[in-house]
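Trainee: Have a look at this one.
The values are calculated or read from the model by the stated rules, or taken from the named source; none is laboratory data. Model, not experiment: these values are computed from the prediction. All Cβ positions, glycine included, derive from the backbone under ideal geometry; neighbour counts span all protein chains shown. The accessibility values were calculated without ligands, DNA or RNA, using every heavy atom of the protein model including side chains. Shrake-Rupley method; radii C 1.70, N 1.55, O 1.52, S 1.80 Å.
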Amino acid sequence: SLEMLNKANPDAADAAYCKSSMADGECALNSEALSSINKAIRKYGVSARGEIVATLSWMLFESGNWVYNINHFPGNIGQGTRTMMTWEYVAEYAKTLHPDAYAKALGSGDVSAANNSTKTDVIDLVLNNDDSFGSGFWYLTTKAASFHGNANSLRDGNKADFQKYVEDGIVTTWTTEREDVWTM
């Protein structure tokens, strides 16, 4: 609900939040994110509260509380969505959602050999709100599927489960900053 998003990300509840954003055109308010998040929850069949909280926490952390949609620090071209997926995952996600446009953007090229222009063309396919806010739910159900629908994984309110998901599902480093977002 919007109330829950506003509690988790209070700054993005304010209509003025994005006016001072350094990431022109990337910032989103909670009210703008809500519909896309709800669509993704339905589309990917994510109903467990712990899975939803983990996914939202991941997206909030990586996007700087909905400020960023592409990687600016250090500026990896092709890395983005609200989860800041690496280029390889962005390419797979774009191919899954927009196969014709993806094929046109990539041509017959190899994902690993894509130049920056091609990476930009491909990531642009999934930077709209529905796809960008859906990326974490896609990832959970496809790339980290052992954490989805598992009664012993991502249990509601279980920090150890979230830490394991960060380390073994998302495959990144657990930090106190990640924990801070999760406990909001």
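Trainee: Those residues that are modelled with pLDDT of 95 or more, among the charged types (D, E, K, R) and not in a helix (DSSP H, G or I), I need them from segment 109-132; list them, please.
Mentor: Within segment 109-132, none qualify.
Trainee: In addition: So Val90 clears everything in (1) in contact with a strand residue (DSSP E or B) (Cβ under 9 Å, 6 or more places away or on another chain); (2) aliphatic (A, V, I, L, M); (3) loosely packed, with under 15 Cβ neighbours inside 10 Å except one condition, right? Which one?
Mentor: The failed condition is (3).
Trainee: Regarding segment 127-135, can at least one residue be identified that is free of Cβ contacts under 8 Å to residues at least 40 places away in the same chain and touching a Gly at 6+ places or on another chain (Cβ under 7 Å)?
Mentor: No, segment 127-135 contains no residue that is free of Cβ contacts under 8 Å to residues at least 40 places away in the same chain and touching a Gly at 6+ places or on another chain (Cβ under 7 Å).
Trainee: Kindly evaluate Leu106 against the criterion of being among the hydrophobic types (A, V, I, L, M, F, W, C) and either crowded, with 20+ Cβ neighbours inside 10 Å or at pLDDT below 95 (or both).
Mentor: So Leu106 fits the description; yes.
Trainee: Out of all the residues in segment 154-163, which are open to solvent by 20 Å² or more (accessible area, probe 1.4 Å) and among the charged types (D, E, K, R)?
Mentor: Once the filter is applied, which keeps residues that are open to solvent by 20 Å² or more (accessible area, probe 1.4 Å) and among the charged types (D, E, K, R), segment 154-163 yields Arg155, Asp156, Lys159.
Trainee: A further question follows. Of the residues Ser153, Ser146, which is assigned to a loop (DSSP other than H, G, I, E, B), among the small types (Gly, Ala, Ser) and more than 14 Å from the chain's Cα centre (by Cα)?
Mentor: Going through Ser153, Ser146 in turn, just one is assigned to a loop (DSSP other than H, G, I, E, B), among the small types (Gly, Ala, Ser) and more than 14 Å from the chain's Cα centre (by Cα): Ser153.
Trainee: Could you grab the pairs with beta carbons closer than 6 Å, sequence gap of 6+ or different chains, first residue in segment 105-124 and in contact (Cβ under 8 Å) with a residue 24 or more places away in the chain and farther than 20 Å from His72 by Cβ, second one in a helix (DSSP H, G or I) and open to solvent by less than 80 Å² (accessible area, probe 1.4 Å)?
Mentor: Val111/Ala91
Conditions tested, residue by residue: (1) more than 24 Å from Ala144 (Cβ to Cβ); (2) touching a residue at least 60 places away in the same chain (Cβ under 8 Å); (3) in contact with a helix residue (DSSP H, G or I) (Cβ under 8 Å, 6 or more places away or on another chain).
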position: Ala13; (1), (2), (3): yes, no, yes
position: Lys39; (1), (2), (3): no, yes, yes
position: Gly64; (1), (2), (3): no, no, no
position: Pro74; (1), (2), (3): yes, no, no
position: His98; (1), (2), (3): no, no, yes
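Trainee: Under 8 Å between Cβ atoms, at least 6 apart or on separate chains: pull out the pairs that start in segment 164-180 with a residue that is surrounded by 11 or more Cβ atoms within 10 Å (Cβ to Cβ) and end on any residue that is of a type in the set (D, E, K, R).
Mentor: Note: pairs meeting the criteria are Val166/Arg178; Gly169/Lys143; Trp174/Glu167; Glu179/Lys159.
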